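The values are calculated or read from the model by the stated rules, or taken from the named source; none is laboratory data. Note that the structure is a prediction, hence the values are computed from the model and not measured. All Cβ positions, glycine included, derive from the backbone under ideal geometry; neighbour counts span all protein chains shown. Accessible surface areas use protein heavy atoms only, side chains included; no ligands, DNA or RNA. Shrake-Rupley method; radii C 1.70, N 1.55, O 1.52, S 1.80 Å.
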Amino acid sequence: MQGSVLLYDVMTFIYAVAVLLYFVDFIQPNRKVNRTAFVLLSAVWVIQSVFFVLRMLELNYVPVITTFETMIFFSWILITFSLVINFFYKIDLFTFFTNVVGFAVVAFVTFTDKGATSLSASLQGDLLVLHIAMAFLSYACFLLATIFSIMYLIQEKLLKEKRWNDLFRRLPALDQLEQFSYRLVMFGFPLLLIAMILGAIWYHARFQHLLILDPKPLVSVALLVIYGIYLYLRVSAGWLGRKLAWINITAFLGVVINYLIVGQFFSGFHHWR
């Protein structure tokens, strides 16, 4: 266990340096600094991947159960998405904004117990792992869609004010930002739906009744409805622009509240993480 904990500490340090270099590049664009940050971020991705494998071997279960594990998994997803998108589309500001959030997540769980966890039989099973993995993949899609929506609002404001500065030149076109946001919500919606179905099946199989009136699944259903409305307005009603961006941002605030507040303080079951 000490090996994986040491690896986590090394990863955190490298991640901090990578985010710092991206911040320097954000303030004063520098190709060499940007490339170094990208290399370090790639190294963080490799270390996190090795960390997951080591932890899985040490604990004998897929490490996406506890708060510490799910947050590191979430950070790993964000790094993966940011590296892939930056590789194909070269959107440095998106990589920076995404990994500010990713590092904040890592920093948030720094003082969480990283030691071995003895799981009861009720908190084990492939369906549970798939439920959690799908849920956090959907959260990542919604977060990235929100980042693109925020970038859309910034770019739109710069255009209206005719401020042709470095920030404007480094942001993609409005239609590209809107398209990225829409596609990520389009992926996130079915992922969250599948996660909820898998969670309901697992809970019924384990406890022989349905988890219907628990606040967290109820809020999750409400969030599905909101994102469904977003998709309907985008596809069928032909909405574009800032209204959809604000709906997207508001919906993700609901996701954050559902996980951090509803799930941890009001749910009768999900607070076990």
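As an equivalent ellipsoid, the chain spans semi-axes of 32, 26, 13 angstrom, where each value is the square root of five times an eigenvalue of the C-alpha gyration tensor, largest first. A 1.4 Å probe over all protein chains sorts Tyr15, Tyr61 by accessible area into Tyr61, Tyr15, starting with the largest. Taking every alpha-carbon pair under 8 Å whose residues sit at least 6 apart, the chain reaches a relative contact order of 17 percent. What the Cβ-Cβ distance of Arg31 and Leu253 gives, at R0 = 41 Å and to the nearest 0.05, is a FRET efficiency of 0.70. Which translational diffusion coefficient, to the nearest whole µm²/s, is obtained for the stretch 157-273 from the Stokes-Einstein equation, given a Kirkwood hydrodynamic radius over C-alpha pairs, 4 °C and 1.567 mPa s? Estimated diffusion coefficient is 79 µm²/s. Counting charges near Lys32 (Lys, Arg +1; Asp, Glu -1) among other residues having Cβ under 15 Å from its Cβ returns a value of 0.
Take 18-27, 166-175 and order them by the average number of nearby Cβ atoms within 10 Å per residue, most first; the result is 18-27, 166-175.
If R0 is taken as 22 Å, the Cβ-Cβ distance between Arg170 and Val39 corresponds to a FRET efficiency of 0.65.
In the chain, a dipole from Cβ-located charges (positive for Lys and Arg, negative for Asp and Glu) runs towards its positive end, and of Val101, Met71, Gly241 it is Gly241 whose Cα lies farthest in that direction. Here Glu58 sits with roughly 80 square angstrom of accessible surface, probe radius 1.4 Å.
Figure note: Ile249, Ile132 ranked by solvent-accessible area, largest first, 1.4 Å probe, ligands and nucleic acids not counted: Ile249, Ile132.
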